[in-house]
Every structure is written in C-alpha cells, then in structure tokens.
Amino acid sequence: SHLLQNMHEPLSRNGWLCLKCKFDILSRNLSSSTIFLAFDEFFQSLSRMRSTSEGAEALQELVLLIEHQIPAAGIATLSQVIPSFRSLFPDVFRRVVPNDDGDEEIEEDEGIMLLKHSDDHSEEDSIPADTIKHRLHYFFERLIHAISSPERPVLLFLDDLQW
C-alpha cells in the first residue's frame, strides 16, 4: 500500500493509469471480483473528476476508446461486474426494454446476447455458465486493450495477494 501511494502520483503525471485492489484475508482466493472492484473504483474516481476540465477530458477520451473497442452488449455485460459503467454509458442502458413479463432484458447487439434478468427461463433461453464466463473475460480483455496503450500504460497493483 505504501509503495503504491508513493508511486501513484509520479506515474499518473507520466500518463499511467493506476488501479489498485486489495485482497481480503477472509476470502483466501484470487477472486476476479476483487479485480473488477478495482476497475469499478477507478471509473468511479474518473466520474468524480468530471467537474474539472482535465478530468472531463480524460473521462471522455476513455469512454470513446471503450465504445470504439466494445459493442453495447459488451458494455452492458461488463456493467454487471463494473457498475459504474451504467453512469458512463447511459445510451447503452436506454436500450434496456421491459419484456412481456415486466422484467428487463437487454436486446441483442452485434450478434451477442446478454443474460436476461427474468427468473423464468426456458431451456432454450438459458446460457451455459462457461459461455457467460468466456464472454465476460473476452469483454474484460477488450476493456484492457481499450484503455491501455504505449502512451497510457495501465498498472494494476495487487495488494495483499499473499492472503
């Protein structure tokens, strides 16, 4: 933690995006949810910086890069693990429409179907867990490609990984 505190500002001044996640002694496993939380906190911090012209510009640049690399269905999928995406990409979530049962489902976009939020699934509608996991990992990989570049490297600091 101390190392990151000392490195964060100099790296940020040189164009680095610094994300941190802290593993919990109680969980005792390398949970991807901890890493997703680091990305959510990062995007939340960018959202809070919207009030400054520099922060708004940096946020807009990242949003455009993400939109260029990830289809709307992918952004909606990532929002299930990075909730701050809902406020960063409001146009994507305007496409959420109620189905006949009053539950919400996300429309198909670029041939990629998302999980429906209905409790009543027929066997045809259910998506295998492996497919969901692979889709999430694919879009997460696309997110990392979108926000990183040689001019803007990403540092993901894994704190207390020994737990």
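The values are calculated or read from the model by the stated rules, or taken from the named source; none is laboratory data. Since this is a predicted model, take the numbers as computed values, not measurements. Don't worry about glycine lacking a Cβ; one is built from the backbone with ideal geometry, like all the others, and counts go over all protein chains shown. We work out accessible area using only protein heavy atoms, side chains counted, and drop any ligands, DNA or RNA first. Shrake-Rupley method; radii C 1.70, N 1.55, O 1.52, S 1.80 Å.
Where residues in region 23-40 are within 20 Å of S87 (Cα to Cα) and open to solvent by 60 Å² or more (accessible area, probe 1.4 Å), which of them is modelled with the lowest pLDDT?
Our first condition is that a residue be within 20 Å of S87 (Cα to Cα); within region 23-40, this holds for 33, 35-40.
Narrowing the set further to residues that are open to solvent by 60 Å² or more (accessible area, probe 1.4 Å) leaves 33, 37.
Details: S33: 77, L37: 86.
By that ranking, first place goes to S33.
Go through (1) under 30 Å from H2 (Cα atoms); (2) surrounded by 15 or more Cβ atoms within 10 Å (Cβ to Cβ); (3) modelled with pLDDT of 85 or more for S149 and report which single condition fails.
Evaluating S149 over (1) under 30 Å from H2 (Cα atoms); (2) surrounded by 15 or more Cβ atoms within 10 Å (Cβ to Cβ); (3) modelled with pLDDT of 85 or more leaves (2) as the failure.
Take region 41-66 and flag every residue that is buried (at least 17 other Cβ atoms within 10 Å of the Cβ) and out of contact with any helix residue (DSSP H, G or I) (no Cβ under 7 Å at 6 or more places or on another chain). Before you say what the answer is, go through the steps one by one.
Residues of region 41-66 that are buried (at least 17 other Cβ atoms within 10 Å of the Cβ), as a first pass: 42-43, 46, 59, 62-63, 65-66.
Across region 41-66, the qualifying residue is only F42.
Here are some conditions: (1) over 12 Å from the mean Cα position of the chain (by Cα); (2) within 20 Å of W16 (Cβ to Cβ); (3) open to solvent by less than 10 Å² (accessible area, probe 1.4 Å). A73 meets all but one. Which one does it not meet?
(2)
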